[in-house]
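Structure first, commentary second.
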Amino acid sequence: MADPKKTDGNPAGPADAGSEVVTPNVTDVTEIDVATESAAVAAIEAPVERGKPILQVRNLVKHFPLTQGILFKRQVGAVKAVDGVSFDLYQGETLGIVGESGCGKSTVARLLMTLETATAGEVFYKGQDITRLSGRALKAVRRNIQMVFQDPYTSLNPRMTVGDIIGEPFDIHPEVAPKGDRRGKVQDLLDVVGLNPEYINRYPHQFSGGQRQRIGIARGLALNPEIIICDEPVSALDVSVQAQVINLMEKLQDEFNLSYIFIAHDLSIVRHISDRVGVMYLGKMAEIGTDTQIYDHPTHPYTQALLSAVPVPDPEARTGRERIILSGDVPSPANPPSGCRFRTRCWKAQDRCANEVPLLAIPERFVASTTPAAHESACHFAEEKDVIHAA
Ligand SMILES: Nc1ncnc2c1ncn2[C@@H]1O[C@H](COP(=O)(O)OP(=O)(O)O)[C@@H](O)[C@H]1O
Ligand code: SF4
Ligand SMILES: [Mg+2]
């Protein structure tokens, strides 16, 4: 088979027509690798215009093998945690991802962070597929995509001071560590997230839940990333504290030109901060659109059911609302239903739903229209339904 690296225009030099086939030596390959890696790093470090895609996720799959046996483990199945998820994240926006517990949100987050290896699919960060990067290029991606974790009580090392926790990323990425006054930089970060810089020598247990989450955010900001993935960052906090942390995150987004993926199971929290929202069900994206499209014009029965369950404080509005009660439990991701995964709980399910997987696309009936219902929905029978909700 011809060596794909030996083609015209390749940095190793064009192969002359008619000349004998040249077998590349190790030096050639190394030079090609270095040039390719440098080009990837340059692409990763280049700025992206506001509103253009910074991350493009395509058919992302993560199956966790289910094994049996103690000495001789054999695979007997797989947990299909993420099973063909696609979406874009635009520079400067917040994309909310919502869905019930176990639908694969955290696994998506871990895949984007390259903390898990994808079973299939691609994740393009500024055009570079991060599922296939290594070396300097992967390190550059890891610096630019940071995460804020769900539980501020367990995600911070209790034996480290706040200063060491926030400054730790500099040990992993010395190339961007402050040259002189590292302590001063950490104190600046404490200040930026609304904490007293004099708390630098304190330990996590000396802070409240909201303050701990601020420490987690300061750590996420340390390397000056472009994307922050927030996995249920306020779910463990009191309602009053949730709003403060979300307001802080909105302020930081403007200040540091950040793009966010904001994961939550609570639809009302996601609406407050998100420009667009994706709704996940059992490892797949059910519906995705702007906040108005998803909250005021949902077309997927699952989104409609979730929205109908959001409490409405206004008694007058409450009387006119239809509450959709979903029957049955969420099926196991190890054995998802055929066709549409939502069909075992969907009140509109028909034969077609069992036989044909609905694709995430603008429903045919809305394609030519300008209605807000014209957004991507993975349902064969997508249609608008009046749902009164408070979110
Ligand atoms: N490391 C793992 N090994 C096996 N199964 C896993 C692993 N991580 C997650 N899962 C399973 O994948 C599914 C999705 O999990 P997760 O992504 O944590 O969902 P969510 O964050 O939406 O609650 C769940 O059924 C979970 O049990
Ligand atoms: S495809 Fe069928 S089962 Fe799935 S959401 Fe639509 S109507 Fe319900
Ligand atoms: Mg989770």
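Taken together, the values in this text are just the output of simple stated rules run on the coordinates, not laboratory data. Owing to the predicted nature of the structure, the values given are computational and were not obtained by experimental measurement. All Cβ positions, even for glycine, are placed from backbone atoms using ideal geometry, and neighbour counts span all protein chains on display.
Below are the figures for this structure:
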read-out	value
Placed amide H near Gly96: partners under 5 Å, 5+ positions off or other chain	Phe262, Asp275, Arg276, Val277, Gly278
Coil-residue trypsin sites (Lys or Arg not before Pro) of the range 68-131, DSSP, other Cβ within 10 Å capped at 11	Lys73
Cα-only Debye scattering, the range 33-75: base-10 log of I(q)/I(0) at q = 0.27, 0.30, 0.31, 0.32 Å⁻¹	-0.99, -1.01, -1.02, -1.03
Cα-centred dipole magnitude for the range 297-377, charges only on beta-carbon of K, R (+1) and D, E (-1), debye, nearest 20	140
Evaluated over the range 180-305, the Cα radius of gyration and Dmax, each in Å	16.8, 56
Between the range 265-311 and the range 78-92, the alpha-carbon center distance in angstrom	15
Rounded to the nearest 20 debye, dipole of the chain from Cβ charges on Lys, Arg, Asp, Glu	1020
Counting DSSP beta bridges with both ends in the chain, the antiparallel % (nearest 5)	60
Long-range Cα-Cα pairs in the chain (distance over 36 Å), rounded percent	34
Added length on full extension, which subtracts the Cα-Cα distance from 0.36 nm per residue, Gln244 to Arg74	56.3 nm
In order through the range 103-110: 3J(HN,Hα) via Karplus (6.51 cos²θ - 1.76 cosθ + 1.60), integer Hz, x for Gly, Pro	7, x, 4, 5, 5, 4, 4, 5
Rg over Rh, two decimals, the range 105-251 (C-alpha only, Kirkwood Rh)	0.98
Within the range 61-127, chymotrypsin sites (Phe, Trp or Tyr not before Pro) in DSSP loop having at most 15 other beta-carbon neighbours inside 10 Å	Phe72
Most mobile listed residue (Val357, Val310, Val76) in the chain, GNM with C-alpha springs under 10 Å	Val76
Chain lengthening between Ala35 and Lys185 when straightened (0.36 nm per residue, less Cα-Cα)	50.6 nm
Over the range 26-177, volume per residue of the alpha carbon convex hull, in Å³	199
P(r) tail fraction, the range 64-110 - alpha-carbon pairs more than 18 Å apart, %	49
Relative exposure of His297, His265, His375, judged by other C-beta atoms within 10 Å (fewest first)	His265, His297, His375
Residue order, fewest to most beta carbons within 10 Å, for Ile200, Ile44	Ile200, Ile44
Alpha carbon convex hull of the range 88-188, projected area averaged over orientations, nm²	8.6
Residue-by-residue Karplus 3J(HN,Hα) for the range 334-348, coefficients 6.51, -1.76, 1.60, Hz, glycine and proline x	7, 9, x, x, 5, x, 7, 5, 8, 5, 6, 10, 8, 6, 9
Likely footprinting exposure, Asp33, Asp231, fewest C-beta neighbours within 10 Å first	Asp33, Asp231
Projected-area mean, the range 297-377, by convex hull of Cα positions, square nanometres	6.8
The chain: calculated mean residue ellipticity at 222 nm from DSSP helix runs of at least 4, using -39500 (n - 2.57)	-9000 deg cm²/dmol
The chain: relative contact order as a whole-number percent, Cα under 8 Å and 6+ apart	16
Long-range amide H partners of His63 with built H, under 5 Å	Thr119
The range 297-377: relative contact order in percent, alpha carbon pairs under 8 Å with at least 6 residues between	26
